[in-house]
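The values are calculated or read from the model by the stated rules, or taken from the named source; none is laboratory data. Remember, it's a predicted structure, so these values are computed and weren't measured experimentally. A quick note on method: Cβ atoms are made from the backbone with ideal geometry, for glycine too, and the neighbour counts reach across all protein chains shown. The protein model used for the area step is the full one, side chains on, heavy atoms only, and it has no ligands, DNA or RNA in it. Shrake-Rupley method; radii C 1.70, N 1.55, O 1.52, S 1.80 Å.
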Amino acid sequence: MKNNISVFLVAGNRLLREALARLLAKKGDVDVCGVSPFVPEILSSIAMLDADVLVLDALTVQLSDYALISEIVSKAPNIKVILIDMDDNSEVFIKCVRAGAVGYLLKDASAADVMSAVRLVGQGQAVCPSQLCMSLFRTVTRQWTSFPSARIKIELGLTRRQQQLIPLIAQGLTNKEIANHLHISEQTVKNHIHRMLRRVGASDRLQVIDLTRNQGIYP
């Protein structure tokens with residue numbers, strides 16, 4: 001059973017690369033399994049060595065146009081990606097999080113900060129600067145409120161077709177009008193509404209609308 005955290009380090013700056021490798025190698029709970037600049041074949045090397053944590057510097061991230069993060073996560077889903085020497089930029093931060101990074105350290109991070117991040121991420125935690133946390137929360141909130149169909153599916157368990165019925169029912173359309181709008185038969189609409197009422201425990205279609213309004217899904 002592997003107890004130590006295995007780390008693969010990729011950095012464009014040789015001085016940074018060698019200094020971090022020496023730092024990590026001195027720690028008894030960390031094994032440096034690979035050190036490299038950014039080269040085209042780096043992806044296969046990382047996946048082959050089965051590292052727990054991958055440390056990437058800002059230069060490497062920029063050279064790959066952020067694609068390396070998602071490619072690595074796709075090819076080696078168990079690896080945890082930490083980015084170091086990064087800018088205090090919320091757009092870049094969110095882009096990296098979406099790509100799959102779980103650690104994000106700024107340019108002023110110390111050697112101790114890097115070591116702490118490696119250990120935390122290796123234990124399944126995420127690391128990011130406190131000043132960038134708010135941008136992450138705002139992005140999640142914005143996505144949650146911008147896609148009501150996703151909320152309906154999660155909170156009410158409705159199918160995609162049943163989700164489509166909600167705003168049409170809220171507009172006061174009849175079954176026939178809904179059928180014409182969705183290009184399906186009126187009987188199909190009735191069947192969907194019947195199943196929807198049973199799923200959410202409503203006695204009629206108006207109660208479904210009230211339920212979604214109470215959940216804050218639709219105004």
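Table for the structure above
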item: Unmet criterion (only one of (1) touching a residue at least 12 places away in the same chain (Cβ under 8 Å); (2) within 20 Å of Arg119 (Cβ to Cβ)) for Asn13; result: (2)
item: Residue within segment 24-35 that is within 22 Å of Ser74 (Cβ to Cβ) and not in a loop (DSSP other than H, G, I, E, B) present; result: yes
item: Qualifying residue in segment 161-173 (condition: assigned to a helix (DSSP H, G or I) and open to solvent by 90 Å² or more (accessible area, probe 1.4 Å)); result: no
item: Count - residues of segment 47-65 that are open to solvent by 40 Å² or more (accessible area, probe 1.4 Å), at pLDDT below 90 and either over 19 Å from Ala21 (Cβ atoms) or not hydrophobic (A, V, I, L, M, F, W, C) (or both); result: 4
item: Identity of the residue in segment 77-126, of a type in the set (Ser, Thr, Tyr) and in contact with a Leu (Cβ under 9 Å, 6 or more places away or on another chain), that ends up farthest from Gly28 (Cα to Cα); result: Ser90
item: Residues of segment 1-40 that turn out to be among the aromatic types (Phe, Trp, Tyr) and at pLDDT below 90, as a count; result: 1
item: Selection within segment 71-99 - under 16 Å from Gly12 (Cβ atoms), open to solvent by 20 Å² or more (accessible area, probe 1.4 Å) and either without any contact (Cβ under 8 Å) to a residue 60 or more places away in the chain or of a type in the set (A, V, I, L, M, F, W, C) (or both); result: Asp87
